[in-house]
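The values are calculated or read from the model by the stated rules, or taken from the named source; none is laboratory data. In this text, all values refer to a predicted model and were calculated from it rather than measured experimentally. Every residue, glycine among them, receives a Cβ derived from its backbone with ideal geometry; neighbour counts consider all protein chains shown. Only protein heavy atoms, including side chains, enter the accessible area calculation; ligands, DNA and RNA are left aside. Shrake-Rupley method; radii C 1.70, N 1.55, O 1.52, S 1.80 Å.
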Amino acid sequence: MGYFYTQIARFFENLIIETGQHLSISIAGILFLGFPVSFSLSAYTFTILGKGGVAISLAIIAALFSSLVLGVLFSLLYRRLSSDTFVVFTLASVLAFDALLRSWDSVTGGVLGIAGVPKPAFLSSLLTLVVLEGVIAIVFLLSEYFVLKSPLGRMLQAHKEDTTLLDSLGCNSRTVGSLVIIFASFVSAVGGIVVIWRIQFLDPTLGGIPLLLPMLTISILAMRPRIRWMAIATLFVTLLPEILRFFPFPSTIIGHLRLLFYSCFLIVLVRRLSSGYTSEKRSI
Amino acid sequence: MVQILIYSFVMGTQVLLLALALFLVYSVSKVQNFALGAIGAGIAYALYFSISAHLQIVWTILLTIGVSVVLGIINFLLNERLTRKQEHLFALLTSFSFAIVLESLISIVFGTDGKNIIPGILPVYEFGVFQIPIPGLITICFGVMIAVLLFFFVHFTPWGRMLRAIAENSFSAESSGVDSKKVRFLVYIVGSFIAGAIGILAGLNTALTPTMGFQLIIMAFIAFLVGGVSDIRGTVIASYLVVLIPETIIGSLEGVSLNWKMVLVFAVASILLGLRPNGLFVRESRKS
């Protein structure tokens, strides 16, 4: 049952993180690749504060607040830079933050990471954690559902279609984009905390590219503004690498195989589904 | 301090050459191609494999060139259709995924520990009290040579004129009879060769690791964006700035390890992009 609960937990964790990415990448068309930084920042902030004796609730608030601040910084960059530059810059931020985590070993533990992540006392079993993650995932899914049905959701879809048209209708496309980036950062931060509650160990490899690739894959796969499709895509992508368990690969290459798997899948997806990502308008 | 300058000049030349390759590819396709760094690492590992397998020099050269051409062709084929459909962000994603594919394959085949292309300590050229390793000297000479050749190629050859025409307006160029697909193919192959040369030189200067391509390409991208995507002058200056400033800071402060370099590069780029988001020398024009 432990394996079963773990897979359900992974599904809920990916669903939580993907809620933000679905809004930013799939709906609004903003290729925001800096969410692994928010994920890692909140995880490390919570762990460092929790192990330093700060109350769990305060550590959670501090972790989420730090990622919110990061999201605001990213949104300021988004307002300033062109879309291509923003994409590259957010990707560079993933690398830079990874370097920071590895270098600042007096605080982060460096490449060795931090073990024994504190968690709330009521999370004594994996099942209770799974239930909590399920509740959080449902809350975020409902939030996204109501956002999509609201004028904000229509603005996000219009943002992907044509930002100039959106501006001409009186909506500030940059503000809309900034809001969704901040939300995506916040959601990733929540995901970071629940993931380390399950794994109980934290190192620089937890976020970064290994998190970026599957989330991007889900976002490309669940291109339409449908919660159902996002959930199905998340389930599919979460369980897909489990196929590797049936092959006797050495443990030293399993991580690289997963990355290889996801990146090949992403290439195939992008080439097959790219036309669905572009705007609905007809190109004259 | 001068030793830091020399090292920064060597590293900056590597970044510049990769940024030039990015500039060429971006000019003809408007795609920010992430795969060039990993392609460079792949070619360097191909050379490492040839040398460690004690292949003859002819086979070593053929294998290295063959891998360059094959990776360049794959890179072109992955991006061409998306380029023609003007889906630039998707092409960026494709190139990023291709880079991860190459890095993962390198990690699986060769492992993640550092490798030396040529075993042992490489000779160092001394002039006065200052030293520069032979690979560093080769990097600088190669960089100058490639920059001059590229300048000559782009400005004084028919292919260069076609390249500039496509960079300006690919539709007009095609209507004038320019085969943009052929030009893009050539640029991707040339970019692959330049990336391979940089990968080999970086491997000689430091050590081969599967992620070295990714780190190099990010620095090249930062230099490319900070300098301005349409301004080669800015790219040249930014390539050296993004290396020199962090190296100077690390060299001046005690107890700061080289691992902080990427953090400092990012911080410098953030400041420069915040002040000049369109590039160092590019003025914002009215978008009519």
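For helix A:173-199, what angle does its Cα long axis make with the longest principal axis of chain A, in degrees from 0 to 90 and rounded to 10?
Approximately 20 degrees, to the nearest 10.
Excluding ligands, DNA and RNA, what is the solvent-accessible area per residue of chain B at a probe of 1.4 Å, expressed in Å²?
45 Å²
Using 7 Å Cα-to-Cβ label points, what is the B:Ile249/A:Lys51 separation (nm, one decimal)?
Calculated label separation equals 2.6 nm.
So how do A:Thr252, B:Thr235 rank on accessible area, 1.4 Å probe, biggest first, that is with the largest at the start?
A:Thr252, B:Thr235
Under a GNM of chain A (C-alpha, springs under 10 Å), which listed residue has the highest mean-square fluctuation: A:Ala121, A:Ala62, A:Ala222?
Of A:Ala121, A:Ala62, A:Ala222, the most mobile in the Gaussian network model is A:Ala121.
Using alpha carbons only, how many degrees (0 to 90, rounded to 10) separate the axis of helix A:227-239 from the longest principal axis of chain A?
Orientation of helix A:227-239: about 40 degrees from the principal axis.
Once you've got the Cα coordinates, tell me which of A:Lys149/B:Lys30; B:Lys85/B:Lys182; A:Lys119/A:Lys149 are over 25 Å apart.
A:Lys149/B:Lys30; A:Lys119/A:Lys149
Determine the gain in length on full extension of the stretch A:Arg228-A:Leu169; use 0.36 nm per residue of separation and subtract their C-alpha separation, reporting nm with one decimal.
Contour length minus Cα-Cα distance gives 18.2 nm.
Calculated FRET efficiency, A:Arg154 and B:Lys85, Cβ-Cβ r, R0 30 Å, to nearest 0.05?
0.70
What helices does chain B have that are whole DSSP H segments, at least 20 Å long along their own axis by Cα, and with mean Kyte-Doolittle hydropathy of -0.5 or more?
B:2-29, B:35-52, B:57-84, B:88-110, B:134-156, B:180-205, B:212-227, B:232-252, B:261-275
Please give the calculated 222 nm ellipticity per residue for chain B, where each DSSP H segment of at least 4 residues contributes -39500 (n - 2.57) and the sum is spread over every residue; nearest 500 deg cm²/dmol?
Per the formula, -25500 deg cm²/dmol.
So, with +1 on the Cβ of K and R and -1 on the Cβ of D and E, and no other charges, what is the size of the charge dipole of region B:9-210 about its Cα centre, to the nearest 20 debye?
Using only the charged Cβ atoms, the result is roughly 460 debye.
For helix A:208-221, what angle does its Cα long axis make with the longest principal axis of chain A, in degrees from 0 to 90 and rounded to 10?
Rounded to the nearest ten degrees, it is 40.
Please give the residues of region A:1-38, grouped as numeric ranges, whose backbone N is less than 16 Å from a label point set 7 Å along the Cα-to-Cβ vector of A:Val268.
Once the point is set 7 Å along Cα→Cβ of A:Val268, nothing inside region A:1-38 turns out to lie under 16 Å by backbone N.
Determine the sum of side-chain charges near B:Ala91: Lys and Arg each +1, Asp and Glu each -1, restricted to other residues whose C-beta is under 11 angstrom from that of B:Ala91.
Taking every other residue near B:Ala91 into account, the sum is +2.
Accessible area of B:Val229, 1.4 Å probe, to the nearest 10 Å²?
B:Val229 exposes around 40 Å² with every protein chain in place.
What's the FRET efficiency of A:Phe4 with B:Val70 using the Cβ-Cβ distance as r and R₀ = 30 Å, to the nearest 0.05?
The calculated FRET efficiency here is 0.10.
Using the beta-carbon distance between B:Ile118 and B:Ser172 and R0 = 56 Å, what value does 1/(1 + (r/R0)^6) give for FRET efficiency, to the nearest 0.05?
The computed FRET efficiency comes out at 0.70.
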